[in-house]
Amino acid sequence: MTDQYAVIGNPIVQSKSPFIHATYAQVTGQDLQYTALLGPEGQFAATVDAFRKAGGKGMNVTAPFKLDAYAYANEWSEGAKLAGAVNALKFEGDRVIAQNFDGVGLVRDVVHNLQCPLLGKRVLVLGAGGATRGALLPFLAEKPALLVIANRTASKAIELAAIGAAHGVVRGCGYEDLAGQQFDVVFNATSASLRAELPSVSVAVFAPGALAYELAYGKGLTPFLQLARAAGVTHLADGVGMLAEQAAEAFEWWRGVRPDTRAVIEKLTVPLV
Ligand code: ATR
């Protein structure tokens, strides 16, 4: 029987995962079927139980179920534990193994696709929510000279920095504390872009030759990217590569073969205008 995978969320029609995984299956010659599952609210466990009973081998998880997926699992990767949220599950008999590939997908996009190593760089992340939490260890594993997490609510950034302190040089602060500092790579990991808002960060944070990376995907030139462009930054990126790479991580974890992500990134790229 063809192996079954799915992405679960609510809503789910917007998800690119079925397209991405179908493409990966095709380019790697893997025999699998990947569908989109609308999870009724409050029915995450029942929906996943039914999928497993029908022979489901693994799942991606999107909003609003990333915490439900954490609770449902019985084995967690370090990354999933730190993020407290899960975006991929693997089912092996009674074992429900949980991963969070968003952070490693982001780092892989930056380092490999955009050819911007973080080693020795000054890195700034705006926001201290789930997205930053998931990326914290993958960022620090690249050994930046300094990682600064800046957040509207400074205490949340300081808390996250304390969690990362055992793994590298990391500081948390509010936006006003960034005065006089410049960074080689600046990530917008706030949810502000989803509402076309802008974290109150100064144009002065971008060092000459900086990369400005918007984690949101497909929103065009968001207020953050506009700010970067106004500051003279020419290297702008959104989260399309992160989306493709986190999916590739899950695909490899499930199937043991790593797909080339280029065709997917090309197909899903929305121009930054
Ligand atoms: P996610 O899982 O997408 O990271 P989240 O955990 O709700 O979502 O976190 C949202 C992040 O975006 C937070 O860092 C939030 O800042 P606060 O902790 O101060 O709330 C940030 N954020 C959301 N809207 C923002 C805005 N308009 N300006 C600045 N930061 C914003």
Condition check for Ser191: within 28 Å of Pro18 (Cα to Cα), open to solvent by 30 Å² or more (accessible area, probe 1.4 Å) and modelled with pLDDT under 95: yes
Evaluation of Gln33 against (1) open to solvent by 60 Å² or more (accessible area, probe 1.4 Å); (2) in contact with a Ser or Thr (Cβ under 9 Å, 6 or more places away or on another chain); (3) in a loop (DSSP other than H, G, I, E, B) (one fails), failing number: (3)
Positions within the range 1-27 being assigned to a helix (DSSP H, G or I) and open to solvent by 40 Å² or more (accessible area, probe 1.4 Å), in sequence order: Phe19, Ala22, Gln26, Val27
Output for the range 147-160, where each listed residue is open to solvent by less than 80 Å² (accessible area, probe 1.4 Å) and either closer than 18 Å to Asn188 by Cβ or more than 16 Å from the ligand (Cβ to nearest atom) (or both): Leu147, Val148, Ile149, Ala150, Asn151, Thr153, Ala154, Ala157, Leu160
Condition broken by Thr234, with the remaining ones in (1) open to solvent by 10 Å² or more (accessible area, probe 1.4 Å); (2) in contact (Cβ under 8 Å) with a residue 12 or more places away in the chain satisfied: (2)
Qualifying residue in the range 164-179 (condition: closer than 25 Å to Gln115 by Cα, of a type in the set (Gly, Ala, Ser) and buried (at least 17 other Cβ atoms within 10 Å of the Cβ)): yes
Subset of the range 38-59 (residues that are hydrophobic (A, V, I, L, M, F, W, C), in a strand (DSSP E or B) and buried (at least 20 other Cβ atoms within 10 Å of the Cβ)): Met59
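The values are calculated or read from the model by the stated rules, or taken from the named source; none is laboratory data. In this text, all values refer to a predicted model and were calculated from it rather than measured experimentally. Backbone-built Cβ (ideal geometry, glycine too); neighbour counts: all protein chains shown. Accessible surface is based on the protein model in full, side chains and every heavy atom, while ligands, DNA and RNA are left aside. Shrake-Rupley method; radii C 1.70, N 1.55, O 1.52, S 1.80 Å.
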